[in-house]
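These notes concern the structure reproduced below.
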Amino acid sequence: MSLANITPSKAEDSAYVRQQLIAYNAAHVNEALRDRYEELHFHIRNETGQIVAGVLSTLCWNWVELDILWVDANERHKGYGTQLLLEVERLAREKGCDFIMLNTFSYQAPEFYRKQGYQLMTMIENAPTGHQHYYFKKDLTPENRSGAEQ
């Protein structure tokens, strides 16, 4: 094996690599799904206009990946996280997605997601050190896509 010339990437190099993978993936994904990519970002403001909760998620092909769900520590237990999660689920169903996936840490909200019907797919110990890293999935079955609860 010959040694490769490995160098740190600049922004344009990273963009090139990303585009190459996107092109490769598109060649292997059902044509009807190829262009399905949409960011689903929402937030809640308090009476003074300050953002107190938000969700960042991405619809990709036939699922939604929830990247970030955050609620200000002073605003927790008011239902904001549930409302944001339900809005993402509503849109995922409306757009015909099959499932939602997300990850969270043991010091964040694994029990919250379980209560919302998410199933644990896997857990990694000691990531970060002293904690666990959880990966969850919620299937959006045909009956659930129409809005029925699990």
Check: Is one or more of the residues making up the stretch 114-128 closer than 30 Å to L33 by Cβ, part of a loop (DSSP other than H, G, I, E, B) and of a type in the set (A, V, I, L, M, F, W, C)?
Finding: no
Check: Is at least one residue of the stretch 93-102 in a helix (DSSP H, G or I), in contact with a strand residue (DSSP E or B) (Cβ under 8 Å, 6 or more places away or on another chain), touching a residue at least 40 places away in the same chain (Cβ under 8 Å) and within 15 Å of K138 (Cβ to Cβ)?
Finding: no
Check: What number of residues within the stretch 48-63 are surrounded by fewer than 14 Cβ atoms within 10 Å (Cβ to Cβ) and closer than 16 Å to G79 by Cα?
Finding: 1
Check: Only one of these conditions is not met by S57: (1) of a type in the set (S, T, Y); (2) over 30 Å from Q19 (Cα atoms); (3) in contact (Cβ under 8 Å) with a residue 24 or more places away in the chain. Which number is it?
Finding: (2)
Notebook entry, point to check: In the stretch 115-150, what residues are surrounded by 10 or more Cβ atoms within 10 Å (Cβ to Cβ) and at pLDDT below 95?
Noted result: T141, P142, E143, N144, R145, S146, G147, A148, Q150
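The values are calculated or read from the model by the stated rules, or taken from the named source; none is laboratory data. Here the structure is a predicted model, which means the values were calculated and not measured. For neighbour counting, all protein chains shown are included, and Cβ atoms are generated from backbone atoms with ideal geometry for every residue, glycine included.
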